[in-house]
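To start, the structure itself, in structure tokens.
The values are calculated or read from the model by the stated rules, or taken from the named source; none is laboratory data. A quick note: this is a predicted structure, and the numbers were derived from the prediction, not measured. Every residue, glycine as well, gets a Cβ built from its backbone with ideal geometry; the counts of neighbours run over all protein chains shown. All accessible areas refer to the heavy atoms of the entire protein, side chains included, with ligands and DNA or RNA removed. Shrake-Rupley method; radii C 1.70, N 1.55, O 1.52, S 1.80 Å.
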Amino acid sequence: MRLALTKRSGDATRMLVHLAGLPEGTRLTSSALAKACGVSAGNVPTLIANLARAHLLDCTPGRGGGCQLARPADQITVAEVVAAL
């Protein structure tokens, strides 16, 4: 059996891996996250909304806001990311 990720789940996984590599508490805006991960800026808000709804991201809107992992990276699985999307 072969498992293949969709483009959306691959993009979301790449975003979470990037956030996991940052110092704890670092928040990135959606545009900064899109640029750093090579994800289309138009897709990032939808991905962020789905990941936040699944309690994988903690996002703060407005000036000085951004997204960070909602819990430690070692407690997030790829299965959770795929299920969130």
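Pick from Leu28, Leu3: which is on the phi < 0 side of the Ramachandran plot and at pLDDT 90 or above?
Exactly one of Leu28, Leu3 is on the phi < 0 side of the Ramachandran plot and at pLDDT 90 or above, namely Leu28.
What residue, among those in region 1-50 that are of a type in the set (Lys, Arg) and in a helix (DSSP H, G or I), is nearest to Gly62 (Cα to Cα)?
Lys35
Return yes when Ala36 is aliphatic (A, V, I, L, M) and open to solvent by less than 30 Å² (accessible area, probe 1.4 Å) and no when it is not.
Criteria not met by Ala36.
With (1) free of Cβ contacts under 8 Å to residues at least 60 places away in the same chain; (2) open to solvent by less than 50 Å² (accessible area, probe 1.4 Å) as the list, and Leu16 as the residue in question, which single condition is left unmet?
Against the list (1) free of Cβ contacts under 8 Å to residues at least 60 places away in the same chain; (2) open to solvent by less than 50 Å² (accessible area, probe 1.4 Å), Leu16 comes up short only on (1).
Among the numbered criteria (1) open to solvent by less than 50 Å² (accessible area, probe 1.4 Å); (2) touching a helix residue (DSSP H, G or I) at 6+ places or on another chain (Cβ under 9 Å); (3) hydrophobic (A, V, I, L, M, F, W, C); (4) free of Cβ contacts under 8 Å to residues at least 24 places away in the same chain, which one does Ala49 miss?
Tallying (1) open to solvent by less than 50 Å² (accessible area, probe 1.4 Å); (2) touching a helix residue (DSSP H, G or I) at 6+ places or on another chain (Cβ under 9 Å); (3) hydrophobic (A, V, I, L, M, F, W, C); (4) free of Cβ contacts under 8 Å to residues at least 24 places away in the same chain, Ala49 fails exactly one: (2).
Using the structure shown, decide if Thr77 is out of contact with any helix residue (DSSP H, G or I) (no Cβ under 8 Å at 6 or more places or on another chain) and under 20 Å from Lys7 (Cβ atoms).
yes
Here are some conditions: (1) farther than 17 Å from Gly64 by Cα; (2) surrounded by fewer than 15 Cβ atoms within 10 Å (Cβ to Cβ). Ser31 meets all but one. Which one does it not meet?
That leaves (1) as the condition not met.
Report, by residue number, each residue of region 8-30 that is out of contact with any helix residue (DSSP H, G or I) (no Cβ under 9 Å at 6 or more places or on another chain) and among the β-branched types (Val, Ile, Thr).
Matches in region 8-30: Thr29 only.
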